[in-house]
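The values are calculated or read from the model by the stated rules, or taken from the named source; none is laboratory data. The model shown is predicted, which means the values in this text are computed figures rather than measured ones. Every residue, glycine as well, gets a Cβ built from its backbone with ideal geometry; the counts of neighbours run over all protein chains shown. The accessibility values were calculated without ligands, DNA or RNA, using every heavy atom of the protein model including side chains. Shrake-Rupley method; radii C 1.70, N 1.55, O 1.52, S 1.80 Å.
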Amino acid sequence: QVQLVESGGGLVQPGGSLRLSCAASRSVFSINVGWYRQAPGKERELVAVFTSDGSTNYADSVRGRFTISRNNARDTVYLQMNSLKPEDTAVYYCNLHWDYGPHYWGQGTQVTVSS
């Protein structure tokens, strides 16, 4: 079993920044790990992830504004979100999974972008 605990969400004005953290109960190195989000009435979507080979994938809607990073010593993954827009409002979830294994999810953290 893997535990994932997100933090760092909140209310921010358009154009502002937030940094999300995801603390894992195991190593986040050489594994698929990253961030998804779900807005009201919409399906959960990929935001930014590290793949098991170390590459990164970003949704087109966040590329250039969001940056995923990790601290392997702390088993933590981060999502730096800049130039936030109202359409970024969603619950953000941390996800971890092996290439052919089960998916693990955190409890989610709310991000609201509003003036």
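Were the residues from A73 through L46 laid out at 0.36 nm apart, the gain over their Cα-Cα distance would be 7.2 nm.
Restricting the calculation to Cα atoms, the stretch 40-115 shows an Rg/Rh of 0.96 when the hydrodynamic-style radius is the Kirkwood one.
Can you tell me how much longer the chain between N57 and S7 gets when fully stretched, taken as 0.36 nm per residue apart minus their C-alpha distance, in nm with one decimal?
15.9 nm
Considering only DSSP beta bridges where both residues belong to the chain, give the percentage that are antiparallel (nearest 5). Antiparallel bridges make up about 90 percent of those DSSP assigns within the chain. Counting Lys and Arg as +1 and Asp and Glu as -1 over every other residue whose Cβ lies under 9 Å from the Cβ of Y78, the net charge comes to +2.
Across the stretch 17-65 the C-alpha pair distances fall into 10 Å bins from zero in the proportions 22, 50, 26, 2 percent.
Rounded to whole numbers, the Karplus 3J(HN,Hα) couplings from phi for the stretch 39-45 are 8, x, x, 10, 7, 5, 10 Hz, using 6.51 cos²θ - 1.76 cosθ + 1.60 with θ = phi - 60°, and x at Gly and Pro. Protein heavy-atom accessible surface, 1.4 Å probe, per residue over the chain: 52 Å².
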